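Chemist: Dropping the structure in here first, questions after.
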Amino acid sequence: MKIGDKVRFLSDVGGGVVAGFQGKDIVLVEDADGFQIPTSITDVVIVDNDDYSTSRIIENKTQPKVKSIPDDDEDYDPAERPVTFKPMAEERKGGDKLGAYLAFVPVDVKEITSTRFETYFVNDSNYYMRFAYMTAEGANWHFRATYEVEPNTKLFVEEFGRDDLNNMERICVQIMSYKRDKSFILKPAVDVQLRLDIVKFYKLHTFRESAFFEQPALIYTLVENDKEVRPLVVDPDKLKKEIMNKAKADDMLVSSANRHPKTEDKNAPVVVDLHADELLDTVSGMSPADILNYQLDIFRKTLKDYEKKKGKKIVFILGKGEGVLRHAIVNELRYRFKNYTYQDASFREYGYGATQVTIK
């Protein structure tokens, strides 16, 4: 028996190709998915045609074993025997914490509006990872691929074109992690759902340099430092409760500030940061419209709290972004709070993207 031989299992259905050996008694049988199965050498039989009948298997099982090394051949050179030893995967310091990423790499980054893309699974840990890759079809899922990825390496998964993007908006990756030929700390299975922003595949600046690729790539985190990303789907009731708790906490802070006023300049403006990551602990499961509405609710509530303090200045930090929040706030000031005046705040103090409102 040698590497490359086609074999069948004697005590189970299936078989594959001999990929290597472990000692004298174990053969590594590689199946159609590339997964190597350690099997006793007495539990496989070489097949050279399509005759998989029971009589043939029994005949091969009962035949005496023939030595694979021709002892009486004077021209035989042991150095010519195929190398069957496969070194253990290299491990790195700090690599026992799971890190896995899904990466999308443009085939031709210079033609970003028409190029095809390659999908890669990146295993940034000392564990082997077996993963399943799926995309959503309405309420159901479509299985796309499954592979085993060696430690500290990346694996090409598939290539796709722009016509496929609409079917890839929701992705699920499930991962099982383990080590071979040694004991290891058990890691929980990972089940991550992602929502791809299809628009990003048309923008060159979204593909960035990374430690994993020589060319720019769009990388989504699946698990990092043993912590998987938050799930795509969240309980709407739980999310609503978190928002209400956040609002109550803000009310308590305002109330406390009113009871214990600070000895600061009374003319100093109130500063409110409307960045989503400052207002919410997480935005997972929230659409851009949900986030915008929450920011506008904070804006309206702040103006309501200070409506009786004539001349009071309030600075709302919006950030540069794409201008959607600023446009919505200007619209509010023009039609709902048209008695108030507004202007760009000092960029020296608050940077670009801040608006100052004066209570009238």
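Chemist: Calculate, for residue 159 and residue 267, the FRET efficiency according to 1/(1 + (r/R0)^6) with r their C-beta to C-beta distance and R0 45 Å; round to the nearest 0.05.
Modeler: In this case the efficiency is close to 0.15.
Chemist: Show me, for the stretch 309-314, the HN-Hα J-couplings you get by feeding each phi into the Karplus relation (A = 6.51, B = -1.76, C = 1.60, θ = phi - 60°), rounded to Hz, glycine and proline as x.
Modeler: In residue order, the calculated couplings are 9, 4, x, 5, 9, 10 Hz.
Chemist: Structure shown: which of 24/154; 312/338; 6/154 lie over 23 Å apart, alpha-carbon to alpha-carbon?
Modeler: On the way: 24/154 32 Å; 312/338 16 Å; 6/154 28 Å.
Flagged as over cut-off: 24/154; 6/154.
Chemist: Next up: Counting only residues 5 or more places away or on other chains, whose amide H sits under 5 Å from the amide H of residue 144 once H atoms are built in the peptide plane?
Modeler: Correct list: 133, 134, 135.
Chemist: Another question about this same structure. Could you pull out which residues in the stretch 132-153 have an amide N less than 16 Å from a spot 7 Å beyond the Cα of residue 166, following the Cα-Cβ vector?
Modeler: Within reach of a label on residue 166: 136-138.
Chemist: Leaving out ligands, DNA and RNA, what percent of the accessible area of the stretch 169-223 is carbon and sulfur, probe 1.4 Å?
Modeler: Numbers: 1780 of 3260 Å².
Carbon with sulfur: 55 percent of the solvent-accessible area.
Chemist: Calculate, for residue 308 and residue 206, the FRET efficiency according to 1/(1 + (r/R0)^6) with r their C-beta to C-beta distance and R0 45 Å; round to the nearest 0.05.
Modeler: Working: r = 46 Å, r/R0 = 1.02.
With R0 = 45 Å, the Cβ-Cβ based efficiency is 0.45.
Chemist: First compute the accessible area of the stretch 275-360 with a 1.4 Å probe, then give the percent of it belonging to carbon and sulfur atoms.
Modeler: Of the solvent-accessible surface of the stretch 275-360, carbon and sulfur hold 47 percent.
Chemist: So, one more: With label points built 7 Å along Cα→Cβ from the Cα atoms of residue 116 and residue 293, find their separation and express it in nm.
Modeler: Inter-label distance under the simple model: 4.2 nm.
The values are calculated or read from the model by the stated rules, or taken from the named source; none is laboratory data. The model shown is predicted, which means the values in this text are computed figures rather than measured ones. Note that each Cβ is placed from the backbone with ideal geometry, even for glycine, and that neighbours are counted across all protein chains shown. All accessible areas refer to the heavy atoms of the entire protein, side chains included, with ligands and DNA or RNA removed. Shrake-Rupley method; radii C 1.70, N 1.55, O 1.52, S 1.80 Å.
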